[in-house]
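Notes follow the structure.
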Amino acid sequence: MSNMTSDPSTIERRKATFDSLGSLQENFVISTRDYKLQYAHLYYMRLMLMRPILLQQAIKKWGSLDPKAKHVDKVLDVQQGEISYLVGTVYMEMKMKPNILNDITKDHWITAQPDRPKYTDDSDSVYLEDESGRVKLTGAKVNQDLFVTGVIMGVLGSEDTNGDFQVVDVCYAGEGAQEQPAPMETDEADKYVALVSGLGIGGNEFKPLELDLLAEFLTGELGNTKEQIDSANIVRVVLAGNSIVTPEIIEDDTKAKKYGYDRSTYITEPANILDRFLQDIGSSVSVDIMPGESDPSSVTMPQQPIHSALFPSARLYSTFQSVTNPYWSSLDNISLLGTSGQTIDDIYKYVKSEDRLQMAIKTLNWRHMAPTAPDTLWCYPFKDRDPFIMKETPHIYFIGNQDKFATELVEGSQGQKTRVVMLPSFAATGTIALVNLRTLECHSVSFATK
Amino acid sequence: MSEESHAAKKRRMNGRSSQLESQPSFLDDLEMLQETNQATKVDDPSLLWARPTLPKLNPSTDALIFQQIEADEYMSSATQTPVVRFFGITETGNSVICHVTGFLPYFYVPAPVGFKLDNITAFKDALERGIEKGFNTIVKIEWKLKESIYGYHGGEQSPFLKVTLKDPKNIAAAKRAIERGFSFEGFPDFTAQTYESNLAYLLRFMIDCKVTGANWIELPSGTYKSREDRNSNAQINVEISYEKIISHQPEGDWSKIAPLRIMSFDIECAGRKGIFPEAKIDPVIQIATMVTVQGESKPFIRNVMVLNTCSHIVGTHTMSFDKEEKLLEAWSDFVRAVDPDVVIGYNTSNFDFPYLLDRARHLGVLKFPFLGRLNDVRTEAKDTKFSSKAYGNRENKTINMEGRLQLDMLQVMQRDYKLRSYTLNSVCAQFLGEQKEDVHHSIITELQNGNEETRRRLAIYCLKDAYLPQRLMDKLMCLINYIEMARVTGVPFNYLLARGQQIKVVSQLYRKAFEKDFVIPAVNSQGTEDQYEGATVIEPRKGYYDVPIATLDFASLYPSIMMAHNLCYTTLLTGGIIQKYNLVKDVDYVVTPNNDAFVTANRRKGVLPIILEDLLSARKRAKADLKKETDPFKRAVLDGRQLALKISANSVYGFTGATVGKLPCLQISSSVTSYGRVMIEQTKQAVESKYTIENGYEHTAEVIYGDTDSVMVKFGVKDLKKAMELGREAAEHVTKQFIRPINLEFEKVYYPYLLINKKRYAGLYWTNPDKYDKMDTKGIETVRRDNCRLVQNVIDTCLRKILIDKDVIGAQDYTKQIIADLLQNKIDMAQLVITKALSKTDYANKQAHVELAERMKIRDAGSAPALGDRVAYVIIKGGKGTAAYDKSEDPLYVLEKNIPIDTMYYLDNQLSNPLLRIFEPILGERAKSLLSGDHTRTIQVSTPSIGGLMKFAVRTATCLGCKTPLKNGESAVCVNCKGRAPELYQKQQTIVNNLEVRFSRLWTQCQRCQGSLHQEVLCTSKDCPIFYMRKKVQKEIQDSSATLDRFLDW
């Protein structure tokens, strides 16, 4: 780094207009909590809010069929043999879903079985449900497509003699509206947002050297002038979860057993390292930190911001922001939506496929980023809203802590463009992603040391 | 020892219930049921109701074969003689009523000395006078040579008078007259004991005609005639004379079961808040019914009748009625149309049927109470008291439905299984591995008064409750087992639930006596409290054995003693007889250790030994067939049969010892037990004298315990295989010392073995040296209901750790941890709940659950438990001197108000004794250290929001680190603890997170169980392990997240 100082010219960090997208983002913030509520409200709201959209889509898709397909208001009112379409919430009946009843009864003796990587089983079945009841869906279409609990869906078909609904076609809400980004001035160099997930500080895979390299890269202390200029084009860094890993407490048999709370098990070091790292980069670029599964934050979706008091140094910078997961924001009118990965991890368990990128793309089409909440994805029992509905289609949609880097530019039916980015864990791969805010192009940068 | 307890040994539930499987909602079940029924799908489901059409039957050319399932008797108005009426089903599923005429009741009187044939007329006249209103009732009196079954009389028969009467009702009067005594020509003061005069007419008929319970009857062509009866709607109605019927013994092909129609149903009533439904006020709003053909896996009729509208339910025939009267009428019409052979349900005898009948009477639905096969017999609910040593006293209602069998699954459960709770919910969790959604009765009315969707929801519960008894019955094979029991013992099916063990032995004894020309005296039982010495127990050498303990069992001990020593009524000797016939001891007769004498089998083989031999050899056959059989349905029949045979064999001994019985004979029963005692001692001696180091064995064997029919031997070897070999060898060696069929068997090895006390032990059970079969426990109170679940779980886990993991230290650590958790208030409330049924309110002593119910009524009459409900409570901390019954509190109230639990009560009164019992044999005096020490020092008590001092308390926020009251401007921690803030924050965050996950998992599970995402969970099943957790987590998470919020800044 000694050559840094020898360069006489100063490279200016680029700036972008930041907008916190209040109307979307605020939905993730839970200010007062009420746990007297049940989950039925959330499903109900979801259905209420999305049904009109689905109906529009259904009419568009099936309205001109001949013979005419009839719309049936309530799932239970379907008449046998009549071609009709319905709208409702998908429910997946899967016997491999974790069952707390089993765990409780086992708890006293047999240790709970480790979570299965997938819930899928040959006996799984798909249902469509609304306020009136549920009906089983059958047909080839049902076996091909990918279904998870909680998606609002329209189906076309007819009731067979078993009382099942034989599905011919399905429709989803489709991508939400998207604002056209204001054209950028082309003579300027492109700006980038850096997406990082899974620093994993304190975990087994954590490599301090790579973290240092990353910090130097983001702050522009790495490489030659050219690279430093590139770094300066990064207008914002988003850390998408799992920055800290709280190590598992290993019981020490040699020590006398303590009954009650043992304060000696608390380890402060990872939080301190993260604080210093955030302070480092925060001194030069704006940074948002989202909580993830392993971070010291709430576990249910949406995860609330990590308490900023855990970052006594970084919090002093105005560039530093502790945010929710999922997280909406916008840079130069390019909207960003990201999650720390749990949403897709949970969908992954419902389907046989391994292609996580496709699952993420699917959520855009469903217009819902976390349909499996609350069925299998832990979630706060919202009463009057469903914050996971994607009212808008983001320009950049990133999923943190995935197995590998993958990306695709997805185009919606109304020309919506979305850059979908599957971010791998930094601790495991040493990889981050940079997305061009003008072209939405995306590439990865690796800091792997071996 | 209770004489009958043997026979009625309950099949105790071993280990835990089958694992809870993931449960698809009941709607899916309904749908599945429908799928298989497509072939019979019709537009109008009521077309399925009727029985199959009747093939043409010509009495002169066709034989009629049917399985009779019930029988009764009536007096023919034409002949004034009794007629037996069989209700039955043909193989094609057609219903039959068969009137059997001509069989007349009779009994015997010993002819007095000097009585001649000529005296009969005078005797007859005198007897007829003695029977009040008995004019012309004696049909005939015959001279017969018979022998009394009671005692050995040198094999000589003596003259008896067989008195045949017209009317069975007059038998008792005749008996009384003879016992009272009267005079007739030449016999001025005649009196005698009567024989066979206390046998019911129906049973008399069945015995003489060799008809057993639920067997097949054949009426050959040309022997019977059709009958047109107005009073029944059976498809076939015939009449035959009793000599003509052919009764097929239930063997081979005749062991089949007809396609019986089984109806399972459930009703819902709209009760008022806090009041148990009363038929005079609260309407019946839904009746769900399922009808299944025996042997088929799914019901072919599924319907629900609903007052008011109801949305469509998949796979179900939903019928709406605007008036309750119409609903009731339609249901009774439905029952008559479907004409079920078996009616089942859960608590139908004591609730559903009486309620329906009362309600119908109240509403004036005149057609309703005719639910049997006879149109002119009104169905009524009558109170009966049933008392049996084996089953205890029960007050029940019986519902008469002529021609239909009834199996109230609640009664079956109470009879055959010992459970913690008999609610449908917990029974299903136990046997079907399912939790049932339970809707509190206060919500039922709300659902009914809602709209067609809420009524639909209710209908689904109702349907589920109607289907569960059927599934339970199938799973436990009750119907098959009961039918087999009826066949083996020869009693009518309906006797099995309504009567005790004795009647089964009576039936067999009479059958055998009939064959052998014995007559049985009608003993007026005295009900003496004569107790005789029971089985022996070898004083246990308590302790924890970490070596294999071989268990040697006498197979069917009491039956085999009776057979080996020929113990019977017919072989019992009195002193005079021995001299009279010059009998030689040990050749002609033996003297039992109880000093009673019985003749040996070469003099005369006893009747009881013959009955037992028949039973046991039939059991052997059934078991052999069972091994060969592959068809699961036939296997079920055979298994039911062998079980019935075993139980029957065991009940014979009890019968002879029942002082309040039909024919008690304490000489037999005392001799049996005395032999048993001697044999156990002898076995101990034989084993301990043979297996010694002096005799060249590695170790000297030691009998550490023995009880009734088994001894536990410590051979000293460490190796399982070796212990098994020695056990087998020892069993053979000892068996040689006894008379056949007494057989000492080596059955299993316990390793390790924890011997706590008499009849209290636990061990790992091995029959094969490679893998243990199970963990076996005896007498360790884990099922007692006034224990909370925690006790059961802790004891269970400790035993598993000790026996399976052989980790005594681990068990101690676990126990300490649980005690620590308990004292720190970390145990889930559901574990601490104690439940008791509120059966009556006027207990002599104050009882915790009754007091609580009273208090709850004052608080809110609507949610308070009504009579008949189960009251769930926990014990809370009370002031000094508060009576225990005042410390009970509603768990929900406790959660809400943060009332501190009396954890010491749970430690001292619930956990401590059972724990000490299992640890004392291992640790001795040190066991007490489990209950005190470090782990009991941290105590956490929740701060109540009501009562006591709280009125005066001012809430002050304290530092989360050191509990110092906080100053202004400090929200979470004090100045001194500021450095620990991140740590304390994280600690609190972890607590909240764990609660959040619990919250999510619990409530989503309930959504899955109820089968709906969009509707709120209403279930209030207190038996469900989730219920209190769910409530508790709501409360705790609210509090904990509030605490977390105090860390706004630090």
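Here's a check for you: in the stretch A:235-266, which residue that is at pLDDT 60 or above and over 28 Å from the mean Cα position of the chain (by Cα) is surrounded by the fewest Cβ atoms within 10 Å (Cβ to Cβ)? Can you show your working first?
In the first step, residues of the stretch A:235-266 are kept if they are at pLDDT 60 or above; the result is A:235-247, A:265-266.
If we keep only those that are over 28 Å from the mean Cα position of the chain (by Cα) as well, we get A:265-266.
Working: A:Thr265: 15, A:Tyr266: 17.
Of everything passing the filter in the stretch A:235-266, A:Thr265 is surrounded by the fewest Cβ atoms within 10 Å (Cβ to Cβ).
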Going by the structure shown, is A:Asp375 among the acidic types (Asp, Glu), within 14 Å of another protein chain (Cβ to nearest Cβ) and within 14 Å of the chain's Cα centre (by Cα)? no
Close pairs from the stretch B:312-340: first under 26 Å from A:Ser132 (Cβ atoms), partner among the polar types (S, T, N, Q) and surrounded by fewer than 19 Cβ atoms within 10 Å (Cβ to Cβ), Cβ under 6 Å, at least 6 apart: B:Ser320/B:Thr309
Determine whether the stretch B:649-669 contains at least one residue that is under 26 Å from the mean Cα position of the chain (by Cα), within 26 Å of B:Asp474 (Cβ to Cβ), of a type outside the set (D, E, K, R) and surrounded by fewer than 24 Cβ atoms within 10 Å (Cβ to Cβ). no
Applying the selection to the stretch B:993-1050, what residues are touching a strand residue (DSSP E or B) at 6+ places or on another chain (Cβ under 8 Å) and either in a helix (DSSP H, G or I) or among the aliphatic types (A, V, I, L, M) (or both)? B:Ser1000, B:Leu1013
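Going by what's in this entry, would B:Thr797 be described as within 29 Å of the chain's Cα centre (by Cα), of a type in the set (Ser, Thr, Tyr) and not in a strand (DSSP E or B)? Give the steps one after another, and end with the answer.
Details: within 29 Å of the chain's Cα centre (by Cα): yes; of a type in the set (Ser, Thr, Tyr): yes; not in a strand (DSSP E or B): yes.
Judged against the criteria, B:Thr797 is a match.
Every residue in the stretch B:670-714 that is polar (S, T, N, Q), over 19 Å from B:His565 (Cβ atoms) and within 28 Å of the chain's Cα centre (by Cα), please. Steps first, answer last, please.
First, pick out the residues of the stretch B:670-714 that are polar (S, T, N, Q): B:670-671, B:673-674, B:682-683, B:685, B:689, B:692, B:695, B:700, B:708, B:710.
With over 19 Å from B:His565 (Cβ atoms) added as a condition, the list becomes B:685, B:689, B:692, B:695, B:700, B:710.
Within the stretch B:670-714, B:Ser710 is the sole residue that qualifies.
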So, in the stretch A:148-162, of the ones that are surrounded by fewer than 21 Cβ atoms within 10 Å (Cβ to Cβ) and part of a loop (DSSP other than H, G, I, E, B), which residue ends up farthest from the other protein chains (Cβ to nearest Cβ)? A:Asp160
Check the stretch A:62-81 and report whether any residue there is at pLDDT 80 or above, more than 12 Å from chain B (Cβ to nearest Cβ), in a helix (DSSP H, G or I) and farther than 25 Å from A:Ala373 by Cα. yes
Failed condition for B:Asn94, given (1) crowded, with 20+ Cβ neighbours inside 10 Å; (2) modelled with pLDDT under 90; (3) under 30 Å from B:Gly315 (Cβ atoms): (2)
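Select from the stretch B:224-247 the residues that are closer than 30 Å to B:Asp333 by Cβ and of a type in the set (Lys, Arg) and list them in ascending order.
Filtering the stretch B:224-247 for residues closer than 30 Å to B:Asp333 by Cβ gives B:226-239.
Once the filter is applied, which keeps residues that are closer than 30 Å to B:Asp333 by Cβ and of a type in the set (Lys, Arg), the stretch B:224-247 yields B:Arg227, B:Arg230.
Before we move on, is B:Arg800 in contact with a strand residue (DSSP E or B) (Cβ under 8 Å, 6 or more places away or on another chain), buried (at least 16 other Cβ atoms within 10 Å of the Cβ), farther than 30 Å from B:Ile680 by Cα and within 12 Å of another protein chain (Cβ to nearest Cβ)?
Values: in contact with a strand residue (DSSP E or B) (Cβ under 8 Å, 6 or more places away or on another chain): yes; buried (at least 16 other Cβ atoms within 10 Å of the Cβ): yes; farther than 30 Å from B:Ile680 by Cα: yes; within 12 Å of another protein chain (Cβ to nearest Cβ): yes.
Criteria met by B:Arg800.
Against the condition modelled with pLDDT under 80 and not charged (D, E, K, R), how does B:Ala872 come out, does it pass? Quick ask: steps written out before the conclusion?
Values: modelled with pLDDT under 80: no; not charged (D, E, K, R): yes.
No.
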Among what's in the stretch A:15-61 and is within 13 Å of another protein chain (Cβ to nearest Cβ) and without any contact (Cβ under 8 Å) to a residue 12 or more places away in the chain, pick the residue that is nearest to B:Ser1041 (Cα to Cα). A:Thr32
Hey, B:Gln1015 hits all of (1) over 14 Å from A:Gln38 (Cβ atoms); (2) buried (at least 20 other Cβ atoms within 10 Å of the Cβ) but one; which does it fall short on? (1)
Of B:Leu838, B:Leu822, B:Leu726, B:Leu754, which residue is within 13 Å of chain A (Cβ to nearest Cβ) and either within 27 Å of B:Arg677 (Cα to Cα) or of a type outside the set (Lys, Arg) (or both)? B:Leu822
Based on this model, can you work out whether B:Lys963 counts as more than 7 Å from chain A (Cβ to nearest Cβ), out of contact with any helix residue (DSSP H, G or I) (no Cβ under 9 Å at 6 or more places or on another chain), among the charged types (D, E, K, R) and part of a loop (DSSP other than H, G, I, E, B)? yes
Could you count how many residues in the stretch A:119-147 are touching a residue at least 40 places away in the same chain (Cβ under 8 Å), more than 9 Å from chain B (Cβ to nearest Cβ) and in a strand (DSSP E or B)? 1
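Results for (1) crowded, with 21+ Cβ neighbours inside 10 Å; (2) modelled with pLDDT under 60; (3) part of a strand (DSSP E or B), shown as yes or no for each residue.
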{"site": "B:Arg11", "(1), (2), (3)": "no, yes, no"}
{"site": "B:Arg16", "(1), (2), (3)": "no, yes, no"}
{"site": "B:Asp28", "(1), (2), (3)": "no, no, no"}
{"site": "B:Pro52", "(1), (2), (3)": "no, no, no"}
{"site": "B:Pro55", "(1), (2), (3)": "no, no, no"}
{"site": "B:Asp72", "(1), (2), (3)": "no, no, yes"}
{"site": "B:Gly88", "(1), (2), (3)": "yes, no, yes"}
{"site": "B:Val109", "(1), (2), (3)": "yes, no, yes"}
{"site": "B:Val113", "(1), (2), (3)": "no, no, no"}
If A:Ala428 satisfies all but one of (1) within 14 Å of another protein chain (Cβ to nearest Cβ); (2) surrounded by fewer than 20 Cβ atoms within 10 Å (Cβ to Cβ), what's the number of the condition it fails? (1)
Strands (runs of 3 or more DSSP E) wholly in the stretch A:290-390 with at least 2 residues that are assigned by TED's automatic domain parsing to the domain that holds A:Glu188 and in contact (Cβ under 8 Å) with a residue 60 or more places away in the chain - which ones? A:327-331, A:334-339
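Listed here are the residues, each with its yes/no results for (1) within 20 Å of the chain's Cα centre (by Cα); (2) over 24 Å from A:Gln178 (Cβ atoms).
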{"residue": "A:Ile281", "(1), (2)": "no, yes"}
{"residue": "A:Ser298", "(1), (2)": "yes, yes"}
{"residue": "A:Ile306", "(1), (2)": "yes, yes"}
{"residue": "A:Leu310", "(1), (2)": "no, yes"}
{"residue": "A:Asn325", "(1), (2)": "yes, no"}
{"residue": "A:Thr339", "(1), (2)": "yes, no"}
{"residue": "A:Asp346", "(1), (2)": "yes, yes"}
Any idea which of (1) in contact with a Phe, Trp or Tyr (Cβ under 9 Å, 6 or more places away or on another chain); (2) modelled with pLDDT of 75 or more is the one B:Glu970 doesn't satisfy? (2)
Among (1) in a helix (DSSP H, G or I); (2) surrounded by 19 or more Cβ atoms within 10 Å (Cβ to Cβ), the one test that B:Arg728 misses: (2)
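Yes or no: the stretch B:500-514 includes at least one residue that is in a loop (DSSP other than H, G, I, E, B) and at pLDDT below 85.
Restricting attention to the stretch B:500-514, the residues satisfying the condition of being in a loop (DSSP other than H, G, I, E, B) are B:500-501.
Add one more test, that the residue is at pLDDT below 85, and what stays is B:500-501.
Checked against the condition, which is being in a loop (DSSP other than H, G, I, E, B) and at pLDDT below 85, the stretch B:500-514 yields at least one hit.
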May I ask you to list the residues in the stretch B:288-338 that are under 31 Å from the mean Cα position of the chain (by Cα), charged (D, E, K, R) and surrounded by fewer than 24 Cβ atoms within 10 Å (Cβ to Cβ)? B:Glu296, B:Lys298, B:Arg336
Looking only at residues in the stretch B:803-819 that are among the hydrophobic types (A, V, I, L, M, F, W, C) and facing chain A (nearest Cβ under 10 Å), which one is nearest to B:Leu930 (Cα to Cα)? B:Ile819
Within the stretch B:476-491, is there a residue that is buried (at least 20 other Cβ atoms within 10 Å of the Cβ) and not in a helix (DSSP H, G or I)? yes
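The values are calculated or read from the model by the stated rules, or taken from the named source; none is laboratory data. Please read all numbers here as calculations on a predicted model, not as lab measurements. Here the Cβ is made from the backbone with ideal geometry for all residues, glycine too, and neighbour counts use every protein chain on show.
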